[in-house]
Amino acid sequence: MIGNRSNEFVRKAGPICVSLLVFYLFLFWAETGWDAYKVRILNLSAIYIGITLGLNLCNGFTGQFSLGIAGFMAVGAYTTALLTMSPATKSAVFFIDPLIWPLNSIQWGFLPALLMAALVSGFVGLLIGAPAIRFRDDYLGITTLGFAEIIRVIFTNTRTITNGALGLKGIPPHTNLYWSWSFALICVFVMIRLTNSSYGRALRAIRDDEIAAEAMGVNLFYHKCLSFVISAMMAGVGGGLLGSLITTIDPNMFRFPLTFTVLMMAVLGGLGSITGSVIAATLVTVAMEVLRVLEEPRVILGIFLPGIPGMRMVVFSVALMLVILFYPKGFMGDRELGLKSIRAFAARFRRTFLHKQV
Amino acid sequence: MSNSKNDFALVCESIGMQFGGLAAVSNFNLQVHQGALYGLIGPNGAGKTTVFNIVSGVLRPTAGSVRLFGVDTTGLGPDEIARRGIARTFQNIRLFRNLTVLENVLVGHHVRRKATLGEALLSLPRYRKEESDMMCNATGLLQDVGLDHVANYRASALPYGQQRRLEIARALATKPKVLLLDEPAAGMNPAETERLMQLILDVRDRFNLTIFLIEHEMKVVMNICERMTVLDHGQIIAEGTPSEIQSNEKVIKAYLGGGAIARH
Ligand SMILES: Nc1ncnc2c1ncn2[C@@H]1O[C@H](COP(=O)(O)OP(=O)(O)O)[C@@H](O)[C@H]1O
Ligand SMILES: [Mg+2]
């Protein structure tokens, strides 16, 4: 009996352990052998995967149209930065208004700082979510967008904590591929577990029909808060990793376009699809970097082309429109890409193909 | 003993519901015995669904009170009332359209969960046990309503009649004591209706339920309800056994277009 059980455990966990091992070996290879630019893109992909999954939980799986993700990223980024910077760097950075005690004299490790970022952004998520989720659809979107802006304005003005508009510089560059991809993997794990659990079904039920969900005993307030808070926590940790990757942050980084970018990733991949978010976050992050050439001045065939700032976003908007035109529900809709769906697709493909031949 | 209030599964005491100037329901009284199959009938717009919405907590009545097994539930939210043992179906089917048939039923079980979110995320033993119990239970319910062969279809893919039965299975999954069915036979042909009524009777006996059923076509419920209340323009016009109702002057008038004349 026990033997059976552990056999089953080995059968299930074995392949996962092996693929994790291979994956981390790949990360080791990339971290040590790739050039900094590629490593950075790989880091960004992982961070955006996590954040996009968080947004997808709230906006996709639970159907709560929230636009506050940049605000939670800001909370996480500032928390992590303030906790990991050394007192010496802090006193150098806060040269106009000194940082308040006890933040000016502490320095935490990266892991505790990230955990704290999760807690703080989760708490802020609860503070904002609890009143906001009484609204629906566009109203919820506008409310959360407003809250995110308020966070940004507060951060611009609390100079003794955030250094105001000057932002923070010299954040210790702790983020590497192991950190960022571990974060992404944990987010994927949480999402798979959560959305396939009884709680996840309740969230999807809320998305489909709030009134019916409530009549079946689903506590709307609790479950919406739950998804809102988890979403905020993922954004917060993602923000912390991002800050530590690029080593400088300021309030203007966390304006609406950042939320829009993450929202675009979730929509492209498919609201309600974990694999969709992973694919789209990676694709968009890579494309964002590749398309940077559009914004740089360059000479092509002897003609000087000035770079147009913001051109990337124009291209992305067009791409988004095209995708929505051809895939109204994103690449994956609310389905998942797995062995089963690939097999089903292959079978369908074969059937239509053979059919045509005959 | 038998006239002790606790013998009643469901009691409405002089309930009133005012929508602005419109009195959708006024002075509505009701006593449903435990284990009864009770009907609420009346022409369209009489206020039947409004009564259901009040009993299930969707609406807060502007007057009166509701008691479930002697406990006042007036003003509680729908989820709390579901937890206390009232489940319902909707006149305009409200399934979780993008969930599978099985998942729809599993959502009904969610209210009876004991495992916390943490246990679910870590897949701890209590959660796993609960999940497999839920799965067993849900599969059983789907067999009961004859939907086990479509368990993995999206709910929206089901034909109308099956959607109605799925709603019943989903409601049963909450382990209710009282089941409210809002026009369960609407849009069904006579044969389907016949099967459905049989299902309702079976379900009541198997799960020890009290069933409170809305229907606007009198014929449908005459055979299965033990007692019924007739509503017209938000007022009770009759209460009694099917045979009493059938011979009631006011009811005949309301149903034979007399109601239409009375409508000013
Ligand atoms: N939420 C509401 N707001 C305003 N009026 C309502 C509302 N719900 C129902 N009504 C009105 O109350 C009356 C009774 O409706 P309803 O209970 O649905 O009737 P029935 O189910 O008997 O057909 C109707 O005139 C309807 O328009
Ligand atoms: Mg009705």
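The values are calculated or read from the model by the stated rules, or taken from the named source; none is laboratory data. It should be emphasised that the depicted structure is a prediction, and the values quoted were computed from it without experimental measurement. Note that we place each Cβ from the backbone using ideal geometry, even for glycine, and neighbour counts take in every protein chain shown. For the accessible areas, the whole protein counts, side chains as well, though only heavy atoms, and no ligand, DNA or RNA atoms are used. Shrake-Rupley method; radii C 1.70, N 1.55, O 1.52, S 1.80 Å.
The percentage of C-alpha pairs in the stretch B:96-172 whose separation is greater than 19 Å is 35%. Residues of the stretch B:147-179 whose accessible area, computed with a 1.4 Å probe over protein heavy atoms, drops by at least 40 Å² once all protein chains are present relative to their chain alone are B:ARG154. Mind grabbing the base-10 log of I(q)/I(0) for the protein assembly as shown at q = 0.07, 0.08 Å⁻¹? Debye formula, identical points on the C-alpha positions, no solvent, two decimal places. So the normalised log intensities are -0.57, -0.71. Normalised per residue, the accessible area of the stretch B:96-172 is 41 Å², obtained with a 1.4 Å probe and no contribution from ligands, DNA or RNA. Between B:GLU226 and A:ILE142, how high is the FRET efficiency from 1/(1 + (r/R0)^6) when r is the Cβ-Cβ distance and R₀ = 41 Å? Nearest 0.05. The value I calculate is 0.20. Overall shape: oblate for the stretch B:133-217, with the ratio a/c of the largest to smallest alpha carbon gyration tensor axis at 1.5 or above and b/c at least equal to a/b.
Taken over the C-alpha atoms, the stretch A:1-63 has Rg and Dmax values of 17.6, 52 angstrom. Would you kindly find the accessible area of B:VAL230, with a 1.4 Å probe and non-protein molecules such as ligands, DNA and RNA excluded, rounding to the nearest 10 Å²? Here the accessible area works out near 0 Å². Along each principal axis, taking the top coordinate minus the bottom one, the Cα set of chain B gives 63, 41, 40 Å in descending order. If you sort A:SER182, A:SER105, A:SER244 by accessible surface, 1.4 Å probe, largest first, the order is A:SER105, A:SER182, A:SER244. Which shape class applies to the stretch A:57-196: rounded if a/c is under 1.5, otherwise prolate when a/b exceeds b/c and oblate if not, where a ≥ b ≥ c are the square roots of the Cα gyration tensor eigenvalues? Taking the square roots of the gyration eigenvalues as a ≥ b ≥ c, the stretch A:57-196 is oblate. Loop-located trypsin sites (Lys or Arg not before Pro) in the stretch A:1-70 (DSSP state not H, G, I, E or B) with no more than 12 neighbouring Cβ atoms inside 10 Å do not occur. Using a Gaussian network model of chain A in which every pair of alpha carbons under 10 angstrom is joined by a spring, one finds that among A:PRO112, A:PRO251, A:PRO102 the greatest mean-square fluctuation is at A:PRO102.
With each label modelled as a point 7 angstrom along the Cα→C-beta vector, the A:SER341-B:ASN44 pair spans 4.1 nm. Helix content alone sets the calculated 222 nm mean residue ellipticity of the protein assembly as shown: runs of n ≥ 4 DSSP H residues at -39500 (n - 2.57) each, divided across all residues, give -18500 deg cm²/dmol. In the stretch B:70-108, the residues whose accessible area drops by at least 30 square angstrom when the other protein chains are added to the isolated chain are B:PRO78, B:ASP79, B:PHE90, B:ARG94, B:PHE96, B:ASN98, B:LEU99, B:GLU103, B:VAL107; the probe is 1.4 Å and only protein heavy atoms count. Here the calculated FRET efficiency for A:TYR327 and A:PHE256, from their Cβ-Cβ distance with R0 = 30 Å, stands at 0.75, rounded to the nearest 0.05.
Dividing the mean sequence gap of close Cα pairs (under 8 Å, 6+ apart) by how many residues chain A holds gives a relative contact order of 27 percent. Put A:CYS225, A:CYS17 in order of accessible area, highest first, and with a 1.4 Å probe you get A:CYS17, A:CYS225. The listed peptides A:70-81, B:174-185, B:128-139, ordered by packing as a protection proxy, come out as A:70-81, B:174-185, B:128-139 (highest mean of other Cβ atoms within 10 Å first).
Buried between A and B is an accessible area of approximately 2700 Å², summed over both sides with a 1.4 Å probe. For chain B, the fraction of 1.4 Å probe accessible surface lying on carbon and sulfur atoms is 52 percent. Rounded, prolate or oblate: which one fits chain A, using the alpha carbon gyration tensor with axes a ≥ b ≥ c (rounded when a/c is under 1.5, else prolate when a/b beats b/c, else oblate)? Cα axes put chain A in the rounded bin. Ligands, DNA and RNA aside, A:TYR178 has an accessible area near 70 Å² when probed at 1.4 Å. The stretch A:15-60 and the stretch A:274-330 have Cα centres separated by 21 Å. Within the full protein context, the accessible area of A:HIS174 is estimated at about 70 Å² for a probe radius of 1.4 Å.
Note that the stretch A:18-257 presents 39 Å² accessible area per residue, ligands and nucleic acids not counted, probe 1.4 Å.
Beyond 30 Å in Cα-Cα separation lie the following of the pairs A:LYS224/B:LYS175; A:LYS12/B:LYS129; A:LYS169/A:LYS329; A:LYS224/B:LYS177: A:LYS169/A:LYS329.
The mean count of C-beta atoms from other chains within 10 Å of the C-beta of residues in A:193-206, rounded to a whole number, is 6. For the stretch A:253-358, what percent of Cα pairs sit more than 16 Å apart? It works out to 68 percent of all Cα pairs.
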